[in-house]
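The values are calculated or read from the model by the stated rules, or taken from the named source; none is laboratory data. The structure presented is a predicted model; accordingly, all values stated were derived computationally and were not measured. Here Cβ is always computed from backbone atoms with ideal geometry, including for glycine, and neighbour counts include all displayed protein chains.
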Amino acid sequence: QPVLAVVGRPNVGKSTLVNRILGRREAVVQDTPGVTRDRIAYDALWNGRRFTIVDTGGWEPGASGLQGAIAAQAELAMSTSDAVLLVVDASVGATTTDEAVAKVLRRSKRPVILAANKVDDQRLMAEVASLWSLGLGEPQPVSALHGRSSGDLLDKIVEALPDAPREGTPTAGPRRVALVGKPNVGKSSLLNKLTGEQRAVVDSVAGTTVDPVDSMVELDGQLWRFVDTAGLRKRVHTANGTEYYASLRTKAAIDASEVVIVLLDAAEPLSEQDLRVLTMVVEAGRACVLAFNKWDLVDEDRRYQLEKELDRGLVRVPWAERVNISALTGRSVRKLAPALRTALESWDQRVPTGQLNGWLSDLVAATPPPVRGGKQPKVLFATQAAIRPPTLVLFTTGFLEAGYRRFIERKFRERFGFEGSPVRINVRVRE
Ligand code: GDP
C-alpha cells in the first residue's frame, strides 16, 4: 500500500494531525512518553483507500542544526514515500526552515501536499494564502485540534497517492489446492481416498463453472477445489520424457493454487525432486502443507532417520504445516483440512502497521543491523505491503544482509505466527 510521509518543523502539530487523519482507530499521542517517538508508521483509511502514514518526527536525522535536521528529514521522507505532506503553522507563517524544506521538496518527483495547520480562526486565511509563496501549490487550511477541513485534506492526499495494488479480494468459492509430489508418492491414491470418503463428489457448484481438470472435494465440512487433477484421477502413463512434463504440470498446478499439499514419501529419503518441488512452492509464494505419505511403512528406525533428514532437507520451508498420513489406510488424512485452513489463514493474515512498527522498533533497538562498510544501516519503519503471500517492506538507510533479514523473519514469525505461509521481506533502501 502507498506511503505518505509527514514532515514539518517541531510543534507545527504533526502528531495531532496524524492522529486526526487516523481517527480514533490507533492511538498515537496517548502512548506512554518515550514510546511515541518510536512508533511512527500507521495504517490509514479514507474513502476505502488504504495507505501507510509515516510521522517522520521520530527519525531525528543527525545533521547539525534544526534546519539541517529538518531538511535531512525531508530528503529521507521523499526517498521512502509515494507522497509527502508538509505541515506548516499558519499562525506563524512560512519560516526560513519551512522555506528550506519546501526547496528540498520542490526537487522531488513525488507529489507534495501542503497543509496549513492551526487555522482555528477564519482571520488566518490571509496567512494561509501567503503560503502559496512556498511554491508547493495550494495550501490546505486545517485545524488538527478541531478537525477543521481534515476531510478535504484527506481527499487531496488520496488523490495524490498511487492506487494500492489490487490484492486478494477474498476469492469467492472454494479455496484452491494443488496436490503435488514426485511420481508414485501416492497422489492418485490420496485423491481417491479423499473423494471416496466424502458423501458425494461435487462436480459443479451453483453459479460457478468448474474447470473439468479440477476436482471439487469436500473435507471437514468445507468444499475445496483441487486444481489440475485430471491426470491424477485417471492415471496417465506416459512413456518417456515424463519428468520434464511432470515438472511443468506441477508448476502449473502450483501457480493455479492458493495452498499446496506437497506429498512426500516418508518411507524414502527426501529426493532432489522433492526439494525442487518445495523450491517451486516457495518461489510461487504459496501456502504449504507437507504431507508425509506411506506412514504405515514407517517404523522407529525410519522415523529417527527421517527427523535427521528433515533438519537438513526442509531449511527452505521450516514454517510449513506437517501431517503424517497414509493414503492406503486413511491414517490421519482427516488432519489435512485443518492444516490447509491454518496455512491459508496465515497466507491471508495482515499485521497492522502500528503493531508491526511497535514490535520492529524494539527488535531493532535490541539487535541493530550489522555495520556494513563502516556504516550502521537504520531501519526506519515497515509496512506489510501485501498478503497472499504476506510481504513486508522494510524502509532502511542501508543494505540489510541476508542473515539479518532471516533474523527479522524468524522473530516476526515468533511474534505473529504465520505457520504454513511463506513470508517475504523486501528492503527499500533510501536512494
Ligand atoms: P502417484 O504417482 O503420486 O499418483 O502415486 P500413486 O497414488 O499411483 O501411488 C503409487 C504407489 O504407492 C501405489 O502402488 C500405491 O498403492 C502406493 N501407495 C500410495 N499411498 C500409500 C500409502 O500411504 N502407503 C503405502 N504403503 N503405499 C501407498
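The table for this structure:
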{"item": "Any hit, region 73-87, residues being among the charged types (D, E, K, R) and at pLDDT below 85", "result": "yes"}
{"item": "Residue match in region 309-320 (condition: within 20 Å of residue 225 (Cα to Cα) and either out of contact with any strand residue (DSSP E or B) (no Cβ under 8 Å at 6 or more places or on another chain) or not in a loop (DSSP other than H, G, I, E, B) (or both))", "result": "no"}
{"item": "Complete set of residues in region 318-347 that are surrounded by fewer than 18 Cβ atoms within 10 Å (Cβ to Cβ) and farther than 23 Å from residue 186 by Cβ", "result": "318, 345"}
{"item": "Qualifying positions in region 346-368 - outside any helix (DSSP H, G or I) and within 21 Å of the chain's Cα centre (by Cα)", "result": "348, 349, 350, 351, 352"}
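Residue-wise test of (1) more than 16 Å from the ligand (Cβ to nearest atom); (2) closer than 22 Å to residue 258 by Cα; (3) touching a Pro at 6+ places or on another chain (Cβ under 8 Å); (4) outside the structural domain of residue 384 (by TED's automatic domain parsing).
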site	(1), (2), (3), (4)
335	no, yes, no, yes
338	yes, yes, no, yes
343	yes, yes, no, yes
358	yes, no, no, no
363	yes, no, no, no
373	yes, no, no, no
